[in-house]
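Please read the structure below before turning to the comments.
The values are calculated or read from the model by the stated rules, or taken from the named source; none is laboratory data. Please read these numbers as outputs of a predicted model, since none were measured by experiment. Quick reminder, even Gly has a Cβ in these numbers, built from the backbone with ideal geometry, and neighbours come from all protein chains shown.
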């Protein structure tokens, strides 16, 4: 059981390449079909651009690129998961590209193992835990920790990402 997860939670599961990831349903604002994304110059590679969501500008990020995978290619199942991320004292709304959305699942605390300990310089603090579903694992993301402060500032203020590599 993971420390801090004490009750049954609902998670939205989605695929990136062949891996299944999950985020807390409470962080998900909505799921959109893939739509036209406007590229913004001088932004980090993983920022694919922005979309117009009912009059609001919403940055769209490619989680596959963020996680060192190949770029998300548009398919009939590609979608944008609109998330609310805690950043300093405010909530940032952003879209995350996913190859496909799977389902909403409930996981009990005893179905969640701690994230694996990996020695060295590999950052995995954004993995809240590993959900067990049959013989498969689902990586549960702590979506508030996936992006660094510098990355979120670059997304909020395009052109400020020169410090982000």
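Looking only at the range 49-71, count every residue that is in contact with a strand residue (DSSP E or B) (Cβ under 8 Å, 6 or more places away or on another chain), within 15 Å of residue 146 (Cβ to Cβ) and touching a residue at least 40 places away in the same chain (Cβ under 8 Å) and tell me the total. Adding up the residues that qualify gives 6. Within the range 86-98, the residues that satisfy the criterion of being out of contact with any helix residue (DSSP H, G or I) (no Cβ under 9 Å at 6 or more places or on another chain) and either within 12 Å of residue 51 (Cβ to Cβ) or surrounded by 16 or more Cβ atoms within 10 Å (Cβ to Cβ) (or both) are 93, 95. Inspection of the range 27-42 finds a residue satisfying the criterion of being crowded, with 19+ Cβ neighbours inside 10 Å, touching a strand residue (DSSP E or B) at 6+ places or on another chain (Cβ under 7 Å), at pLDDT 95 or above and in a strand (DSSP E or B). Scanning the range 145-156 for residues that are without any contact (Cβ under 8 Å) to a residue 60 or more places away in the chain and under 13 Å from the mean Cα position of the chain (by Cα) returns 145, 148.
Being buried (at least 19 other Cβ atoms within 10 Å of the Cβ), modelled with pLDDT under 95 and assigned to a strand (DSSP E or B): is that true of residue 83 here? When the stated conditions are applied, residue 83 does not pass them.
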